[in-house]
Amino acid sequence: MSTSEKKPLPNSVTKTQLFQMYGDQFSEKRIRSFINEILKESNYSKNIKIIPANEFKEFVETYGVPKGYYSEQDNRNHLH
């Protein structure tokens, strides 16, 4: 899939969006566990709905860019 067919990775998402983005790669239970651990390490409540940008970035760096998306960094790397 070329970059033109993919969507840019957002800077921040809701947990529901995270489940939709990674649902074909991990179960909802695993995604919830992964993100809640990251939130806990950053002293955020697991009950928040919107995942802060840095924590979302950490999730993506750890578990990879979801299928159908590209990161701006990926895009910059392909241009050089």
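The values are calculated or read from the model by the stated rules, or taken from the named source; none is laboratory data. Since the structure is predicted, the reported quantities are computational estimates derived from the model, not experimental observations. When we count neighbours, we look across all protein chains shown, and the Cβ atoms used for this are built from the backbone with ideal geometry, even at glycine. The accessibility values were calculated without ligands, DNA or RNA, using every heavy atom of the protein model including side chains. Shrake-Rupley method; radii C 1.70, N 1.55, O 1.52, S 1.80 Å.
One line per residue, one yes/no per condition, for (1) among the small types (Gly, Ala, Ser); (2) open to solvent by 60 Å² or more (accessible area, probe 1.4 Å); (3) without any contact (Cβ under 8 Å) to a residue 24 or more places away in the chain:
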residue	(1), (2), (3)
LEU18	no, no, no
SER33	yes, yes, yes
GLU41	no, yes, yes
LYS46	no, yes, yes
Subset of the stretch 1-16 that is of a type outside the set (S, T, N, Q) and assigned to a helix (DSSP H, G or I) - its residue that is most open to solvent (accessible area, probe 1.4 Å): GLU5
Residue, modelled with the highest pLDDT, within the stretch 1-48, restricted to residues that are of a type in the set (Lys, Arg) and within 24 Å of GLN73 (Cβ to Cβ): LYS15
